[in-house]
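We did not get these values from a lab; they are worked out from the coordinates using the rules stated. Quick caveat, the model's predicted, so the values are computed rather than measured. So basically every Cβ, Gly included, is an ideal-geometry build from the backbone, and we count neighbours across all protein chains shown.
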Amino acid sequence: MAKRMPALVAVALSAAIVGCSPAEQQDPQVTINVNPYPSTYQVLPNSTTLLKNAIVLTGTGERLEDADVLIKDGKISAVGLQLVADGAVVVDAKGKWITPGIIDVHSHLGVYPSPNAESHNDGNEMTNPVTAEVWAEHSVWPQDPGFNRAREGGITTLQILPGSANLIGGRGVTLKNVPAATMQAMKFPQAPYGLKMACGENPKNLYGSRNELPMTRMGNMAGYRTAFIQATEYKRAWDKYDADYAAGKNPVAPERDLMKDTLKGVLEGDILIHNHCYKAEEIAMMIDLGKEFGYHAGTFHHAVEAYKIADLLAENRNCAAMWPDWWGFKLEAYDMVLENVAMVDAIKNSCAIVHSDSGVTIQRLNQETAKIMHAANDNGFELTEQHVIGWITSNAAKSLGIDDKTGSLEPGKNADVVIWNTNPFSVYAQAEKVFIDGAKVYDRQDPAYQAQSDFMLGQQ
Amino acid sequence: MTLFTQSALALSLSISLAFGANVAQAESLAIINATVHTATEQGVLNNATVVIENGTIAAINPNNPKTDSVIDAKGAILTPGFIAAMNDMGLVEVGAVATSRDARDKEADIGFDPSFAFNPLASTITFARKGGITRNIVTSGGGESIFAGQTFVVDLSGDFDSVIANNTGLYVELGATDEGSRATGMQQLIHQLEDTQKTLTKTQKANKSDKDDSDEPSREDSIISAVLAGDIPLIVAVDRASDIIHLIKLKQDFELDLIIVNGADAVLVAEPLAQANIPVVIDAMRNLPESFDSLHNSLENAGKLAKAGVKVAIALPGDSHSVYALRYSAGNAVANGMDYNDALAALTANIADIFHLDSGRIAVGKPADLVLWSGDPFEFSTRIEKMWIAGEEQSLHSRQDELRDRYLKKTDMPAAYR
């Protein structure tokens, strides 16, 4: 109610002005603050660092032997052979492997934290099938010990999403995996917001069981379309307001609507879709839904059947984020194949991603990738380490709209880097050192770089 | 061994007779030049020969093996088939499809025997074989009682006689509870043991005094009496150290064959567990403080327990759809400090000992449950070359392979025709 007041006041004001003045005088323009909870992230202490003599997977498909990575001012400065840098901290990485920091596009750390407790179950606003107005960042508990475990597995960036009970579940937020007391201090600067949507069984089962729409998959589609019709009208109202104002008129600003703000952001291309959607036929319809309302359908998460429509995904430039081997917990997850990611990846212009959706497997996305690479290579594929690393780095960055900043070891990119003790696709691989923006945030050999959550401190 | 094998046998028998061959030879196989991880005190045998006859391991490194067929392993690793435990394999096809689920029952209690629901044709079984798993201790998911029901043992042949034994253990779930106090669960267990013991004593006295009017023990009492006699293990899922301490005492008071499952805090009481000879079946991938009962979950726990002298088995308890990945859990345990041989034993000999299976080792007289690997069995790059259950070679082909192949093929017609 309070939120409506300014608009009502504005109406009254403009009516008064119009009433007593022939020349239209403009009120201050009403604008929406699109970044009310801005990032306060600060790079941790860092210095010029030279990582020497490693096998380097760049994330762009290249593999360099005996190569060096130079980190300067928090950025990748150079990747190549026999680099030198005055005054650099030198790390001998002989026999070790270096990759870009690992990125998980699908995590619920912080919103479904450990320990699992009613007090912290903040990941899913299961009160309405469309809750575009909620933002996952407002639920993040930064002390979730899972963030630290994920960092020990090489995770430098992750998207925290709302759960999948709703057709439109709310905004996701991309975080840098640094220990912090506040969500804002983890927030990835300039990363676009995501919007969680969900196909299939979860929304229809939950609301169907309450005798509410959606009870069916056609109900699901009706729900998304209704929401985007409203959002289209909302956007039109704001566009008209802005145009009229720009033309020197003194229009009445539309009534602010938090839910439609987010959907308007989608229609304007500022908010990227992350759609929990398992099945081929539903993915195809969600792509068309985007076309119906003029937005891009984004990334399909848990896309267990993506291999059935790999061509369609590539043609429409949609990413698909997948597990290697989760299946059978629901009928929509029945048609799993271990080679799914490889089959999606095999098409030109594809964007295949391995994701976790789990506080456990987020710690080993390298191993999840290894399962797929080897299963595929046993069945006619010829995948290499330097190629598949892209599934958990550069492709993931692309899905999150941060591929200009991270996801590969290219000069100018953020120095998000992992040093592995061995081939990261071995079961024995462990991240030894992890850097975020050139700052060391984890060192397996040095307890000074092993962050622990407040929650774990002093537990007996 | 099986209905199918029997008919296949009959076929080979008639062919053999027709050609006058030795029938016994048709059953025998020598795997030569294998690197044999025996999971026994013999350790690893290089360039070894393992002879399979009539479904069992008949000889290891015999002088002059004469078998019907020979497989040259060319140095590849041969291990006992891996044994999975404490999951719902064959009881659930799709988790969210109620009519395909038989692992749980609201009324499940001491007498609940889920083996009557086991489906050897479940798609989880063919998929699990891809992980080198040859046997499984299947468990109920329980109901409202602390007594979840009985465990049973299956092989992964997918044959209709693949239930090897039922009522092999009584499964109990204790510890944190959403409602009420954990004390109630612990007391229920203790009281049940006490009450049955009293009933048994009374019955024995009555029998001695030749009074025939004494009641037959109830079905529940019969099962508890098997637990009290140590004939079947009491398998308790529990995490917190304080609960484990109570159970150690319970084992001593009633001389139970006790198995701890999960045991997040077991590392805190590793020494008393080792002294009391209580094995722990652990999910080696647990390292989050999922609840206040499991603050000590760590990737290092499996190795630490083994080093402390606790008999450790590694399992993926609960859902059975991805049990194939068990070998990767063992690899991760090794990466986090577990001795390699301990990790291998945790999937083979230890788990067989803990649950009283006759498999789990490569030794003469054991069932020929064997897996021939292309490399280190714990590595992602390793695939299974061949696999036998009780001497019978197994298919590694699953529904997932059919789906992959269908969609890799490119034809003008819809996939449904491929």
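Could you compute how fast the range B:26-75 diffuses translationally, taking Rh as the Kirkwood radius over C-alpha pairs and applying Stokes-Einstein at 25 °C with viscosity 0.890 mPa s? Give it in µm² per second. So the translational diffusion coefficient is about 225 µm²/s. The mean number of Cβ atoms from other chains found within 10 Å of a Cβ in peptide A:372-381 is 3, as a whole number. When each of A:S399, B:S145 is scored by the number of other beta-carbon atoms lying within 10 Å, the sequence from fewest to most is B:S145, A:S399.
Here the Debye sum runs over all C-alpha atoms of the range B:171-304 as equal scatterers in vacuum, and log10 of I(q)/I(0) at q = 0.13, 0.21 Å⁻¹ comes out as -0.60, -1.21. Rounded to the nearest 20 debye, the dipole size of chain A about its Cα centre is 520 debye, using +1 on the Cβ of Lys and Arg and -1 on the Cβ of Asp and Glu.
As a ratio to 2.2 N^0.38 Å, the alpha-carbon radius of gyration computed for the range B:83-358 takes the value 1.00.
For chain B, a Gaussian network of Cα nodes joined below 10 Å ranks B:I384, B:I259, B:I190 by mean-square fluctuation, and the top entry is B:I190. Rounded to the nearest 20 debye, the dipole magnitude of the protein assembly as shown is 1700 debye, with +1 charges on Lys and Arg beta carbons, -1 on Asp and Glu beta carbons, and the Cα centre as origin. Could you tell me the center-to-center distance, by alpha carbons, between the range A:193-237 and the range A:246-293 in angstrom? Centre-to-centre (Cα) distance: 12 Å.
Dividing the convex hull volume of the alpha-carbon atoms in the range A:327-398 by its residue count gives 106 Å³ per residue. Add +1 for every Lys or Arg and -1 for every Asp or Glu among the other residues with Cβ under 12 Å from the Cβ of A:W327, and state the total. Net charge in that neighbourhood comes out at -4.
Rg over Rh for chain A works out to 1.02, both radii taken from alpha-carbon positions and Rh defined as the Kirkwood radius.
Both numbers refer to the Cα atoms of the range A:55-117; Rg and Dmax are 16.5, 52 Å.
For the cross-link pairs A:K96/B:K386; B:K311/B:K386; A:K260/A:K291; A:K204/A:K279; A:K96/A:K398; B:K106/B:K198, the ones whose C-alpha atoms lie over 24 Å apart are A:K96/B:K386; B:K311/B:K386; A:K96/A:K398; B:K106/B:K198.
Counting neighbouring Cβ atoms within 10 Å and putting the fewest first, the residues B:W373, A:W326 line up as A:W326, B:W373.
Antiparallel beta bridges, as assigned by DSSP with both residues in the range A:160-282, represent about 55 percent of the total such bridges. Note: relative contact order over the range A:189-244, using C-alpha pairs below 8 Å and six or more positions apart, is 20 percent. Largest GNM mean-square fluctuation among B:A346, B:A76, B:A313, using chain B with Cα springs under 10 Å: B:A76.
Cα to Cα, under 13 Å, and not fewer than 8 places away if on the same chain: which aspartates and glutamates meet these conditions relative to B:K205? Straight-distance partners of B:K205: B:D213, B:D215. Once Rg and the Kirkwood radius are both taken over the C-alpha atoms of the range B:91-216, their ratio Rg/Rh works out to 1.09. Loop-located GluC sites (Glu not before Pro) in the range A:366-428 (DSSP state other than H, G, I, E, B) with a sparse environment of at most 13 neighbouring Cβ atoms within 10 Å: A:E382.
Panel note: the C-alpha atoms of the protein assembly as shown, placed on their principal axes, show extents of 114, 73, 61 Å (largest first). Extending 7 Å from Cα along the Cβ direction at A:Q445 and again at B:R383 yields two label points whose distance is 3.8 nm. Local charge for B:E53 was computed over the other residues whose Cβ lies under 14 Å away, with Lys and Arg +1 and Asp and Glu -1, and equals -1.
Per-residue ellipticity at 222 nm computed for chain B from its helices equals -9000 deg cm²/dmol, with DSSP H segments shorter than 4 residues left out and the rest contributing -39,500 (n - 2.57).
Taking Cα centroids, how far is the range B:94-136 from the range B:250-325 in Å? Each part reduced to its Cα centre gives a spacing of 23 Å. For the residues of A:330-343, the average number of beta carbons from a partner chain within 10 Å of their own beta carbon is 5.
Across the range A:374-460, the fraction of Cα-Cα pairs farther apart than 19 Å, rounded to a whole number, is 56%.
If R0 is 30 Å, the Cβ-Cβ spacing of B:A165 and B:A276 corresponds to a FRET efficiency of close to 0.70. The Rg/Rh ratio for the range A:277-337 is 0.98, where Rg is the radius of gyration of the alpha carbons and Rh is the Kirkwood radius. Taking other residues whose beta carbon is less than 13 angstrom from the beta carbon of B:N301, and scoring Lys, Arg as +1 and Asp, Glu as -1, yields -2. Listed from fewest to most Cβ neighbours within 10 Å, the set A:V105, B:V172 follows the order B:V172, A:V105. Mean-square fluctuations from a GNM of chain B, with a 10 angstrom spring cutoff on Cα atoms, peak among B:N350, B:N167, B:N61 at B:N61.
Start at zero, step by 5 Å, and the Cα-Cα distances of the range A:163-233 spread as 4, 16, 19, 17, 13, 10, 10, 9, 2 percent across the bins. Helix B:182-208 and the longest principal axis of the C-alpha atoms of chain B enclose an angle of approximately 90°. For the pair the range A:28-81 and the range B:139-174, the centres of their Cα atoms are 52 angstrom apart.
Evaluated with a Cβ-only charge set (Lys, Arg +1; Asp, Glu -1), the range B:83-358 carries a dipole of roughly 720 debye about its Cα centre, given to the nearest 20.
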